[in-house]
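As structure tokens, the structure follows; a few thoughts come after it.
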């Protein structure tokens, strides 16, 4: 009975640690960028143009670079008198309007024809992320989870075919190719690290149980070896997930 409880505790602790690590929200990550538009303020959606970086003024703008942030957690690049912190991943306040309908929590938000102002996305296209709260005013600020991407908005939002189609669509845009490949690499690293760690954990647990059954007198040594083995698996798996995160932010 004690042996069973011991393995249950190890198993629960391992996946509990995984759950805590994977449930944390992404921090607000930004870059200090030279913003040409002097009217850009906190919450504005901004895009890259031939003349520089200006407030977005095209619906579903393919050149969105982020949101002018107030106090992002991580900021890359040296600040100057002409730079602004532009959030491209994580939570941020975004200027929106109800021009395209009432915004509900988890609705996709995209750019609009009004400079810097977002709106509810009602068709497939480039979005800045998802709303974190409801909004039904003429204009104002709303909390949103920023993740600039192509969103397929339709009856069947999630399917392997749609995901594949979206990736191909992103690869077809030359300027988005490096960004898309980076996200694909990060996904492969994260998924590979998790599944390798999971199967290594199951294998180690099974072998430990078998070894303890064959040699009960050495159960303490076997348990110690299992703990070391599982610690190594956790460290390697977290290293893989950390590398995936590093690939995304850089």
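Here residue 220 fits the description: loosely packed, with under 14 Cβ neighbours inside 10 Å, assigned to a helix (DSSP H, G or I) and at pLDDT 70 or above.
You will find that of 133, 145, the residue that is out of contact with any helix residue (DSSP H, G or I) (no Cβ under 8 Å at 6 or more places or on another chain), surrounded by 12 or more Cβ atoms within 10 Å (Cβ to Cβ) and modelled with pLDDT of 70 or more is 145 and no other. Looking at this structure, is residue 54 more than 21 Å from the chain's Cα centre (by Cα) and at pLDDT below 55? Criteria not met by residue 54.
Filtered by the rule that a residue be surrounded by 17 or more Cβ atoms within 10 Å (Cβ to Cβ) and in a loop (DSSP other than H, G, I, E, B), the stretch 60-82 gives 60, 61, 63, 69, 72. Residues that are in a strand (DSSP E or B), over 19 Å from residue 41 (Cβ atoms) and touching a residue at least 60 places away in the same chain (Cβ under 8 Å) within the stretch 91-130 comprise 125, 126, 127, listed in sequence order. Quick one: is residue 85 assigned by TED's automatic domain parsing to the domain that holds residue 46 and either in contact with a helix residue (DSSP H, G or I) (Cβ under 9 Å, 6 or more places away or on another chain) or part of a loop (DSSP other than H, G, I, E, B) (or both)? Answer is no for this residue.
Is the stretch 178-189 home to any residue that is modelled with pLDDT of 70 or more, in a strand (DSSP E or B) and under 17 Å from the mean Cα position of the chain (by Cα)? No: the stretch 178-189 contains no residue that is modelled with pLDDT of 70 or more, in a strand (DSSP E or B) and under 17 Å from the mean Cα position of the chain (by Cα).
The values are calculated or read from the model by the stated rules, or taken from the named source; none is laboratory data. Worth saying up front: this structure is predicted, and the values here are computed from it rather than measured. In this analysis, Cβ positions are derived from the backbone assuming ideal geometry, glycine residues included, and neighbour counts consider all displayed protein chains.
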